[in-house]
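See below for the structure under consideration.
The values are calculated or read from the model by the stated rules, or taken from the named source; none is laboratory data. All values derive from a computational prediction rather than experimental measurement. Cβ atoms come from the backbone with ideal geometry, glycine included; neighbour counts cover every protein chain shown. Remember, those area values only see protein heavy atoms, side chains included, never the ligands or the DNA or RNA. Shrake-Rupley method; radii C 1.70, N 1.55, O 1.52, S 1.80 Å.
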2 protein chains.
Amino acid sequence: MTDLPTLDALRHRDATDVLAAFRSEFVLPEGMIYFDGNSLGPAPKEALSELEQAARQEWSQDLIRSWNSANWFQLPLELGDRIGAIIGAAAGQVAVSDSTSINIFKALSAALSLRPGRGTILAEASSFPTDLYIAEGLVATRPGLTLRLEGVDGARIEEMLDDDVAVVLLNHVNYRSGSLLDMAALTAKIHAAGALVIWDLCHSAGAVPIELDGAHADFAVGCSYKYLNGGPGAPAFLYAATRHHAELSQPLSGWWGHARPFAFETRYDAHQGIAKFLCGTQPILSLRALKGALAMWERVDMAALRAKSQSLTDLFIALVENRCAGHGLVLQTTRDRDLRGSQVSFSHPEAYPVMQALIERNVIGDFRAPDVLRFGFTPLYLSHEDVWNAVEILREVLDSGIWREPRFAARSAVT
Amino acid sequence: MTDLPTLDALRHRDATDVLAAFRSEFVLPEGMIYFDGNSLGPAPKEALSELEQAARQEWSQDLIRSWNSANWFQLPLELGDRIGAIIGAAAGQVAVSDSTSINIFKALSAALSLRPGRGTILAEASSFPTDLYIAEGLVATRPGLTLRLEGVDGARIEEMLDDDVAVVLLNHVNYRSGSLLDMAALTAKIHAAGALVIWDLCHSAGAVPIELDGAHADFAVGCSYKYLNGGPGAPAFLYAATRHHAELSQPLSGWWGHARPFAFETRYDAHQGIAKFLCGTQPILSLRALKGALAMWERVDMAALRAKSQSLTDLFIALVENRCAGHGLVLQTTRDRDLRGSQVSFSHPEAYPVMQALIERNVIGDFRAPDVLRFGFTPLYLSHEDVWNAVEILREVLDSGIWREPRFAARSAVT
């Protein structure tokens with residue numbers, strides 16, 4: 001390829017990068033090139049300091065009074081609005097609580113409550129599996145409901161829509177391939193068939209510009225520990241459009257979703273706003289770290305983020321295909337940058353040991369069964385020079401064949 | 001009352017207290033007497049150091065590798081076994097995850113899956129409300145199910161049992177009155193009627209000796225942020241007896257409950273053990289603090305804990321009724337120490353401002369609507385002298401009438 005940039009040219013791009021200053025807001029281990037921000041984002045310094053404040057002052061010294069004085073009870077909606085600003089949702093439509101899986105259960109239940117005459121849930125078989133497992137669990141307890149996966153393709157959803165479809169659950173960016181769906185166009189098609197849509201934003205929130213309100217989306221869910229850097233297992237979020245709030249119901253009706261939680265009434269009376277999606281007491285320490293992580297996002301230009309993300313992923317594809325040719329890597333992500341999230345996946349027959357050898361050299365991506373090497377690109381802390389260096393290390397791993405050493409083949413409990 | 005002990009006698013009791021050394025393992029603000037460990041336990045020093053290790057090393061430096069190297073993925077079952085040891089459950093029957101509310105939903109669903117021909121859930125109207133709200137939410141999505149609250153009294157549960165009752169949800173210690181139910185006797189009565197039982201241990205775990213296995217309990221749930229001191233909103237636990245594991249199902253079937261979560265299969269195949277109650281990714285920072293908090297429990301003698309708890313609550317009742325007589329306080333907790341948890345409640349027509357005035361004087365209890373002053377007694381850090389001093393301060397608040405000052409009447413968002 002004659003159009004490959006030189007390292008000098010890349011350094012020039014990095015020198016003029018408007019997002020470059022964000023790198024200093026993260027703790028990044030010396031010498032590591034981290035392509036796993038789409039699995040676990042690194043620690044923002046502000047997240048660590050907020051966590052320490054929460055632990056050492058609010059819990060240790062102020063104790064029970066912090067529910068008021070530190071606004072602990074308001075964190076789910078306060079952080080919801082902050083995430084809302086990142087995903088194109090006006091205030092009052094996002095709640096942060098529980099896990100993505102639990103929130104999918106709530107959103108599916110809510111959608112079904114709004115479409116009582118319909119009995120089909122559509123989801124792509126290529127979805128992140130927990131989405132499917134939750135839908136399967138819900139369907140198993142509701143006679144008359146059907147879950148359809150086979151043949152469902154988000155990009156051609158209209159082929160599967162009929163007047164029994166109540167709700168469609170779509171992954172905005174596919175966790176394995178990195179494909180990005182057209183939210184506004186698909187939402188319109190789903191609405192035209194009288195159905196509702198739930199967007200799973202786990203691999204797009206904080207990675208690509210999102211306009212939930214602009215797309216007239218109904219529901220969305222996502223996690224906060226990938227591109228939003230909230231910390232391992234940080235609570236997830238749920239978006240529900242205001243127009244649906246009054247009418248919908250969901251069965252995980254714990255006391256935090258009550259209109260008057262501290263009146264301790266015996267009967268449930270749902271809050272009329274987004275708080276009706278809250279359930280039980282939330283893990284405050286994890287929420288406080290997330291609060292710190294979200295602070296930087298007010299200063300992030302999402303158009304600049306998207307432009308840099310596309311520049312990094314384009315570069316990675318071009319460099320890998322040039323430098324690592326002949327080693328059996330096959331691109332699994334689209335070459336069309338407008339249909340790509342902020343990740344690039346390559347398949348390789350021995351993807352697991354290759355990734356282990358890379359990790360040993362401090363280039364961190366991850367393996368996804370059965371044969372995928374997955375690389376996430378976070379424009380807030382990765383540079384073009386990082387990409388260059390990582391590809392050089394990948395080339396050395398492949399050229400040397402070191403990944404064939406038996407120690408790289410041993411599977412960990414969590415792969 | 002002629003049998004009131006003197007302060008000297010109380011100091012002597014404290015000097016021979018076998019649990020006294022635990023106080024130094026907590027961070028307790030200078031001058032505070034904390035009777036709210038049944039709402040938010042104070043910070044164990046080990047919890048703070050584990051949290052710091054999790055944030056500064058595991059997240060910040062080791063990043064994604066900590067899922068393996070720090071055993072993050074195993075925390076729900078590892079901590080489950082630790083809590084199991086505190087509540088009389090052999091290994092492999094307790095999982096730590098999500099909130100108490102969510103776990104009640106799972107346990108109710110599981111119990112119903114084991115009693116398919118039965119359609120009634122029994123719960124006491126005096127339960128902590130979220131238990132009722134969750135049962136109500138579940139019933140609303142399952143035609144043919146009934147939730148009965150009115151007239152249900154745990155202590156006389158046999159009067160409500162019939163062959164349509166699938167499951168009984170009971171609060172082991174009542175959150176408001178502090179009454180303690182007889183787990184073994186009531187479980188036997190419920191089983192005799194062919195039903196299953198779920199014990200809510202929120203106000204008893206870590207406060208009284210519990211033998212779930214010994215009582216042949218079916219299910220239990222509870223939180224870890226009260227007497228277990230896991231930190232604000234720390235994840236909750238769920239117990240399911242091994243004999244039920246193979247047969248039961250529950251609909252919150254997220255990927256952490258899959259037999260092979262990292263195989264990324266499209267169909268759910270439930271883990272055959274307690275892990276089938278896991279759902280989505282858990283808040284690791286909060287779990288790591290909890291891990292630190294649980295470390296001390298290996299050294300706690302539960303019989304000594306119970307004896308001291310009864311000594312403290314007996315003393316509090318005797319002192320309040322003697323020193324604060326004539327001020328309208330009415331004991332709401334039983335005088336029978338064997339039917340009492342580790343808390344004492346008094347009603348007062350102006351309970352809210354009285355508690356606010358006490359809190360201003362660094363005696364921390366809490367108010368429960370509409371008229372209850374609630375005091376929790378944690379034997380690991382409270383002394384008999386603390387109880388004496390707190391009652392003296394309560395007496396001053398009541399004698400002086402300072403609680404009538406308008407500033408104590410203003411309600412906080414969270415009361």
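For an R0 of 25 angstrom, estimate the FRET efficiency from the Cβ-Cβ distance between A:Ala246 and A:Asp182 and round to the nearest 0.05. Write down the numbers at each step before the final one.
Details: r = 29 Å, r/R0 = 1.18.
Taking R0 as 25 Å, the efficiency between A:Ala246 and A:Asp182 is 0.25.
With the label 7 angstrom out along Cα to Cβ, how close does B:Glu298 come to the same site in each of the other copies, in nm, nearest first?
4.6
Positive end of the dipole of the range B:8-156, charges at C-beta (+1 Lys, Arg; -1 Asp, Glu), about the Cα centre: which of B:Ile86, B:Tyr34, B:Pro44 has its Cα farthest in that direction?
Most positive-ward Cα: B:Ile86.
Compute the Rg/Rh shape ratio of the range B:48-298: radius of gyration over Kirkwood radius, all on alpha-carbon atoms.
Taking Rh as the inverse mean 1/r over Cα pairs, Rg/Rh reads 0.98.
For A:Asp399, what accessible area in Å² do you get when you roll a 1.4 Å probe over the heavy atoms of the protein chains, rounding to the nearest 10?
So the heavy atoms of A:Asp399 present about 90 Å² to solvent.
Please check which bits of the range B:179-219 a label hung off B:Ala155 would reach, taking the label as a point 7 Å along Cα-to-C-beta and the cut-off as backbone N under 12 Å.
Of the residues in the range B:179-219, B:179-182 have backbone N under 12 Å from the label point off B:Ala155.
Would you work out the charge dipole size for chain B about its Cα centre, treating the Cβ of every Lys and Arg as +1 and the Cβ of every Asp and Glu as -1, and quote it to the nearest 20 debye?
Result for chain B is approximately 660 debye, rounded to the nearest 20.
So what does the Cα-only Debye profile of the range B:116-210 read at q = 0.10, 0.13, 0.19 Å⁻¹, as log10 I(q)/I(0), no solvent term?
-0.24, -0.41, -0.87
Measuring label to label, 7 Å along Cα→Cβ, what does A:Arg411 give against each other copy in nm, shortest first?
For A:Arg411, the other copies' label points sit at 5.6 nm, shortest first.
Could you work out the relative contact order of chain B? I mean the mean sequence separation of Cα pairs under 8 Å and 6+ apart, divided by the number of residues, in percent.
Details: 787 pairs, mean separation 90.7, N = 415.
Over chain B, the number comes to 22 percent.
With only alpha-carbon pairs counted, each pair once and no self-pairs, how large is the Kirkwood hydrodynamic radius of the protein assembly as shown in angstroms?
27.8
Mind ranking B:Asp36, A:Asp213 by accessible surface for me, highest first, 1.4 Å probe?
Largest accessible area first, the list is A:Asp213, B:Asp36.
State to the nearest 20 debye the size of the charge dipole of the protein assembly as shown about its Cα centre, where the only charges are +1 on K and R beta carbons and -1 on D and E beta carbons. Mind showing how you got there, number by number?
Details: 72 positive and 98 negative charges, 23 e Å.
So the magnitude is around 100 debye.
Could you work out the mean count of beta carbons from other protein chains within 10 Å of each residue's beta carbon in A:295-301?
Averaged over the peptide's residues, the number is 0.
Show that you can apply the helix-only estimate: for chain B, add -39,500 (n - 2.57) for every DSSP H stretch of four or more residues, divide by all residues, and state [θ] at 222 nm to the nearest 500.
Value at 222 nm, helices only: -10000 deg cm²/dmol.
Please determine, in degrees from 0 to 90 and to the nearest 10, the orientation of helix B:75-86 with respect to the longest principal axis defined by the Cα atoms of chain B, where the helix direction is its Cα long axis.
Taking Cα atoms only, the helix is inclined about 50 degrees.
Quick check on packing: order A:84-97, B:347-360 by the mean number of other C-beta atoms within 10 Å, highest mean leading.
Details: A:84-97: 22.4, B:347-360: 20.5.
Listed from highest to lowest mean packing, they are A:84-97, B:347-360.
Do you know the relative contact order of the range A:125-177, to the nearest whole percent, from alpha carbon pairs under 8 angstrom that are 6+ apart?
Relative contact order, the range A:125-177: 52 percent.
How many angstrom separate the Cα center of the range A:95-126 from the Cα center of the range B:140-219?
Computed from Cα coordinates, the inter-centre distance equals 31 Å.
Using a 7 Å offset from Cα along the direction of the beta-carbon, what are the separations from A:Glu265 to the same position in each other copy, nm, ascending?
4.5
Over 16 Å, how big is the tail of the calculated P(r) for the range B:1-107, in percent of all Cα pairs?
77
Which percent, nearest 5, of DSSP beta bridges in the range A:48-298 are antiparallel? All intermediate terms of the calculation are to be shown ahead of the outcome.
Values: 9 of 24 bridges.
Taking every DSSP beta bridge with both residues in the range A:48-298, the antiparallel ones total about 40 percent.
Out of B:Ser347, A:Ser97, A:Leu252, whose Cα points farthest toward the positive end of the dipole of the protein assembly as shown (charges: +1 Lys, Arg; -1 Asp, Glu; placed on Cβ)?
Looking along the dipole axis, the top candidate is A:Leu252.
Quick one: accessible area per residue over the range B:123-244, 1.4 Å probe, rounded to a whole number of Å²? Provide the component values of the computation, followed by the final result.
Details: 3300 Å² over 122 residues.
Value returned for the range B:123-244: 27 Å² of accessible area per residue.
Are there GluC sites (Glu not before Pro) in the range A:170-266 that DSSP marks as loop and that have at most 10 other Cβ atoms within 10 Å, and which are they?
Qualifying residues, ordered by number: A:Glu247.
With a cap of 16 neighbouring Cβ atoms within 10 Å, and only residues DSSP puts in a loop, list the chymotrypsin sites (Phe, Trp or Tyr not before Pro) found in the range B:353-415.
Details: sites: B:Phe367, B:Phe375, B:Phe377, B:Tyr381, B:Trp388, B:Trp403, B:Phe408; in loops: B:Phe377, B:Tyr381.
Within the range B:353-415, no chymotrypsin sites (Phe, Trp or Tyr not before Pro) qualify (loop, at most 16 other Cβ atoms within 10 Å).
Suppose a student asked you for the relative contact order of the range A:182-312, using Cα pairs under 8 Å spaced at least 6 residues apart; what percent would you report?
22
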